[in-house]
């Protein structure tokens, strides 16, 4: 009798290896995707050294290397490369980006006096500074040792001026404008209803507002004119003179002089700007704060709407409804709802929520607005409320199914114990079943949130815009503005990728935005998972 | 952990001990009746027999109930089995005492006997042995139980001497009076009481050690 | 014949305890699950403050009958009954009687202990909260009383706010008993309460039943005849939905009238 061989190779367990393989492939794809997005997205914020490239036709260009690819049409065994440089100075060069055949580059140098500028308008610039012209006429040449310090000081001062201007125009003048709008509507209404004192009051209000407006305008002009508007005099690659008023400069750095640690700090500063600032230049530059905020608010509001609807529906389906063919039909319909393409929900949202419900709401509550404000609809157009409702409807089946499963998973004994104690059905549901199935319900909500946060198509029809003037959740009453349109990260990606005038400039932002969207969804999910784990720990012993 | 039905086992023991004390009382009392020729005592003893009979039935019911309802194991089983036999033996002892009482009354009818042969001595030993047997059960004392087995021989010896002296003395059956014949019956009854005490002791040994020492020799 | 117990509570013998003889009265009771007849012509009276055991082989209907006493079978579709069950003179099928109020007067303990995923305190007082008691002091007092009666107080008094799911099996079952008696029902139904427990835990619960019978009328379904013999005052033997014999426990186990009963208890059944 021979002992069975004790080989360490698993016998007949090829399937274990296959399943491991499947897992590796899946993980690999996920990691691959994330790496691709991360690398392409994160490089946007990195500031590498900037070369001066000498071409064989005598031209020189100063630019940051953006891409390198094989030229179309080059032979397969001897591929020819071309490089894309971000040269900036769109007003002079026509385009921020330039493709250059690699073979034509004779030499590349990295002189230390190259200066990179991020500007408010017209994109970035890479120039060789010559002198700094102060507002009082004083000129500081590049050769002087005081140049650097003076330059940074002037940039900071100019930034302060710019911020003050923004505060005046955007916030204070903006408030005046909003008040003016309301007053005008009031006036038209009063005129229509022939209320004499009302008319007089409104007119007085408008006059007061006009005065205030003029005052604020003057202040703004004073700031613009009287502020320290220094300018930088520089030369571009072709030797042309470039004058850059410092109020235009958001950030300035010497790319070829930075240490690695400085580059990291610059990276962090750009990243912070990306997340916390507002967009500029048709969304191709600046930050994404409104889009992030809009996505968050919408996702949270959508979750808040879908959860009660879904849970109540599931409770009814499982606990109260009569078992029979009708119930089966309802269940099948709910499950099928999950397979409907999302754009269909968008169309439904537009037709029903926006036109029918929104129109009715406007007729009932905002008739004045319509009449006296050129028929500008309040709820009769896309907005936060309709977007959230549409997505809630779309993700409803997920929550219903998850809740039903969670309710079914509660051990029958618990239900019986509660009923045997003399609790009514509702008491049993409220005190025993719902708390016990809370982790499962949260799973459904997590899934719903993940699905909802990622959908873009329906949103385009019901309330997302390219650039929103204000946030849907701000400091003015009623704090949560359900009628406002808002920005959304997913839509932002689409808009950048396909609708922007400068697609080369937009490309890196597309990846960065995608990365941000992924991170946002992951954070939302992690938050919900953390809540679920806390609930699970509390109800340990329940079988989920 | 004490279970609620263990109380019933305690009650059984108590009833058995009560039986034992009663039987012992009867035996002592009846011996006095014999020595003093006191008929009232004899009658009292006969009355006590009924009570012992009742106790035996009660003990048997308790044993049956406990066996059926409470699934005893280990020493509890031995206790129940031993209790059944001890109960029977105690009841027979009471019966024998009752018989002695009857014989004593017959004797006293004919007039008091002067010579009681070795019967009083036999009676004393019989009472001692019975006391020992009961004590060995109450105290769970193996040594006392074994002592009972030994001392039973003394009762047997005395019984034989009674016999020999009575029939050996005269050698003539006609000279033996009817009262003496009753005395022989009493002696025999005492000897049987001793045997029953021995049985009780054997049961106690079985209860305490699990050893079956019956029918030795 | 049974002597008083030497445990904490003085438990009187069966004859002394017995109150109303037909406290729970089952008359010609039949019960169907759809087409299947589960119980047929059951007639028995359960006296107050007695322990009655239902025994019989699997599928004999003992659990069904038990669950009908507090109408738990109403949760199943397609059930039907004939005959009547009255508790303290009032029919449990009286249309004027709400099932919920019936269940509040009748506590139930199940085979597999099923504490709620809440704290021990919340588990015990659930029955009180269900009827609307909010006063914290009342709840705490009731909780202590119930836990003491269930012989669990000393073991959990310092951790009433811990999750009930952290208790051992025997403790969980005693907790379920405490929960069932918290609102002081008159009747306690127990459906094989010890079948998932080890002998020591089983012993503790049997001791508990022995004490509880001083106050409660208890009906216990058990597949262990020995357990029925130990704890009950009366026993009913069922087979295939029919009531074969119902009498005092001593009679059933020492000298039953029916041959089927004799066969079952001596293990010669089946």
(request) Identify the residue in segment C:223-233 that is under 20 Å from residue C:69 (Cβ atoms) and surrounded by fewer than 24 Cβ atoms within 10 Å (Cβ to Cβ) and, among all such residues, is farthest from the other protein chains (Cβ to nearest Cβ). (result) C:223
(message) Is it the case, given these coordinates, that residue A:379 is in contact (Cβ under 8 Å) with a residue 24 or more places away in the chain and either within 14 Å of chain C (Cβ to nearest Cβ) or not in a helix (DSSP H, G or I) (or both)?
(response) yes
(request) Check A:273, A:219 and return the single one that is crowded, with 16+ Cβ neighbours inside 10 Å, assigned to a helix (DSSP H, G or I), free of Cβ contacts under 8 Å to residues at least 60 places away in the same chain and outside the structural domain of residue A:173 (by TED's automatic domain parsing). (result) A:273
(request) Could you check, for segment C:179-193, whether at least one of its residues is out of contact with any strand residue (DSSP E or B) (no Cβ under 7 Å at 6 or more places or on another chain), farther than 22 Å from residue C:132 by Cβ and more than 11 Å from chain A (Cβ to nearest Cβ)? (result) no
(message) Can you pull out every residue in segment A:420-470 that is at pLDDT 85 or above and assigned to a loop (DSSP other than H, G, I, E, B)?
(response) A:421, A:422, A:423, A:424, A:455, A:456
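Taking the stated definitions as given, is residue C:12 within 14 Å of chain B (Cβ to nearest Cβ), part of a loop (DSSP other than H, G, I, E, B) and within 21 Å of residue C:247 (Cβ to Cβ)?
Working: within 14 Å of chain B (Cβ to nearest Cβ): yes; part of a loop (DSSP other than H, G, I, E, B): yes; within 21 Å of residue C:247 (Cβ to Cβ): yes.
Spelling it out, residue C:12 is indeed within 14 Å of chain B (Cβ to nearest Cβ), part of a loop (DSSP other than H, G, I, E, B) and within 21 Å of residue C:247 (Cβ to Cβ).
Let's see how each residue does on (1) assigned to a helix (DSSP H, G or I); (2) more than 14 Å from every other protein chain (Cβ to nearest Cβ); (3) more than 15 Å from the chain's Cα centre (by Cα):
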position	(1), (2), (3)
B:3	no, no, yes
B:8	yes, no, yes
B:21	yes, yes, no
B:27	yes, yes, no
B:30	yes, yes, no
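Here's the yes/no breakdown for (1) within 14 Å of another protein chain (Cβ to nearest Cβ); (2) crowded, with 17+ Cβ neighbours inside 10 Å; (3) more than 30 Å from residue A:185 (Cβ to Cβ); (4) touching a helix residue (DSSP H, G or I) at 6+ places or on another chain (Cβ under 8 Å):
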| site | (1), (2), (3), (4) |
| --- | --- |
| A:367 | no, no, no, no |
| A:402 | no, yes, yes, yes |
| A:426 | yes, no, yes, no |
| A:432 | yes, yes, yes, yes |
| A:443 | no, yes, yes, yes |
| A:456 | no, yes, yes, yes |
| A:469 | no, no, no, no |
(request) Select from segment C:106-127 the residues that are surrounded by fewer than 21 Cβ atoms within 10 Å (Cβ to Cβ) and more than 8 Å from chain A (Cβ to nearest Cβ) and write down the one among them that is farthest from the chain's Cα centre (by Cα). (result) C:119
(request) Please find, among C:45, C:77, the residue that is without any contact (Cβ under 8 Å) to a residue 60 or more places away in the chain, within 14 Å of chain A (Cβ to nearest Cβ) and either under 18 Å from the mean Cα position of the chain (by Cα) or in a loop (DSSP other than H, G, I, E, B) (or both). (result) C:77
(message) With the structure loaded, tell me whether residue A:244 is under 34 Å from the mean Cα position of the chain (by Cα), modelled with pLDDT under 80, outside any helix (DSSP H, G or I) and under 30 Å from residue A:149 (Cα atoms) or whether it fails that test.
(response) no
(request) Can you work out which of the residues in segment C:52-70 that are crowded, with 20+ Cβ neighbours inside 10 Å and not in a helix (DSSP H, G or I) is nearest to the other protein chains (Cβ to nearest Cβ)? (result) C:70
(message) As an exercise: evaluate residue A:54 against (1) more than 27 Å from residue A:514 (Cα to Cα); (2) over 33 Å from the mean Cα position of the chain (by Cα); (3) loosely packed, with under 15 Cβ neighbours inside 10 Å and give the number of the one condition it does not meet.
(response) (3)
(request) Identify the single condition in (1) more than 17 Å from the chain's Cα centre (by Cα); (2) free of Cβ contacts under 8 Å to residues at least 60 places away in the same chain; (3) farther than 28 Å from residue A:434 by Cβ that residue C:57 does not satisfy, given that it satisfies every other one. (result) (2)
(request) Pick out the one residue from B:69, B:43 that is within 14 Å of chain C (Cβ to nearest Cβ) and part of a helix (DSSP H, G or I). (result) B:69
(message) Given (1) away from chain A (no Cβ under 14 Å); (2) under 24 Å from residue C:222 (Cα atoms), identify the lone condition not met by residue C:160.
(response) (2)
(message) Going residue by residue through segment A:514-530, is there one that turns out to be surrounded by fewer than 20 Cβ atoms within 10 Å (Cβ to Cβ) and either within 14 Å of chain C (Cβ to nearest Cβ) or modelled with pLDDT under 80 (or both)?
(response) no
(message) Can you report the number of residues in segment C:194-204 which are within 19 Å of residue C:51 (Cβ to Cβ), out of contact with any helix residue (DSSP H, G or I) (no Cβ under 7 Å at 6 or more places or on another chain) and within 14 Å of chain B (Cβ to nearest Cβ)?
(response) 2
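The values are calculated or read from the model by the stated rules, or taken from the named source; none is laboratory data. All figures in this text were calculated on a predicted structure; none of them were measured in a lab. No Cβ is skipped: glycine too gets one built from the backbone with ideal geometry, and neighbour counts run over all protein chains shown.
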